[in-house]
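The values are calculated or read from the model by the stated rules, or taken from the named source; none is laboratory data. In this text the structure is predicted, and so the values were computed from the model without any measurement. Here the Cβ positions follow ideal geometry from the backbone for every residue, glycine too, while neighbour counts run over all protein chains shown.
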Amino acid sequence: MIKLEGRRLALSGPLVMDSATTVLNEAKAAVASGDVTVDFSGATDIDSSALALMLQWRRDAEAAGRTVIFEGVPDNLRVLAELYGVSFLLDHHAIPD
């Protein structure tokens, strides 16, 4: 589900309620250990639980004094972010390598 490539977390597979806890746990150490970019381009079957993941990763990163950036966010997740009033999650730019 998650592949760590340097400071990039590449997501793959479904990001739905059934997989959210697993994905959150897999990413926890990476988000806490430094600035990270989460790449959604390999994710499939995304529902609103992906927004919950994004919010939690952002809270965890901010609590650790880190930054989390989201890239490759599919259009359906962008629409959900706007619908739920959390489109601010999409406003960051990539972390330079």
The lone exception for Val31 - which of (1) surrounded by fewer than 18 Cβ atoms within 10 Å (Cβ to Cβ); (2) assigned to a helix (DSSP H, G or I) it fails
(1)
Restricting the first residue to region 47-63 and requiring it to be under 14 Å from Asn76 (Cα atoms), which pairs with a second residue that is part of a helix (DSSP H, G or I) meet a Cβ separation below 7 Å and a spacing of at least six or different chains?
Asp47/Met17; Ser48/Leu80; Ser49/Met17; Ser49/Ala20; Ala50/Leu77; Leu51/Leu80; Leu51/Ala81
Can you pull out every residue in region 62-92 that is of a type in the set (A, V, I, L, M), within 14 Å of Leu15 (Cα to Cα) and assigned to a loop (DSSP other than H, G, I, E, B)?
Val73
Count of residues meeting criterion [more than 13 Å from the chain's Cα centre (by Cα) and among the hydroxyl-bearing types (Ser, Thr, Tyr)] in region 1-20:
1
With (1) at pLDDT below 90; (2) under 12 Å from the mean Cα position of the chain (by Cα) as the list, and Gly34 as the residue in question, which single condition is left unmet?
(2)
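Residue-wise test of (1) within 21 Å of Asp91 (Cβ to Cβ); (2) part of a strand (DSSP E or B); (3) among the acidic types (Asp, Glu).
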| position | (1), (2), (3) |
| --- | --- |
| Leu4 | no, yes, no |
| Thr37 | yes, yes, no |
| Ser41 | yes, yes, no |
| Ile46 | yes, no, no |
| Asp60 | yes, no, yes |
From the option list Asp39, Asp18, Asp45, single residue qualifying as at positive phi, modelled with pLDDT of 90 or more and among the charged types (D, E, K, R) is Asp45
Could you give every pair whose Cβ atoms fall below 8 Å, whose first residue belongs to region 1-23 and is without any contact (Cβ under 8 Å) to a residue 12 or more places away in the chain and within 21 Å of Gly34 (Cβ to Cβ), and whose second residue is in a strand (DSSP E or B) and of a type outside the set (A, V, I, L, M, F, W, C), counting only separations of at least 6 or pairs across chains?
Lys3/Ser12
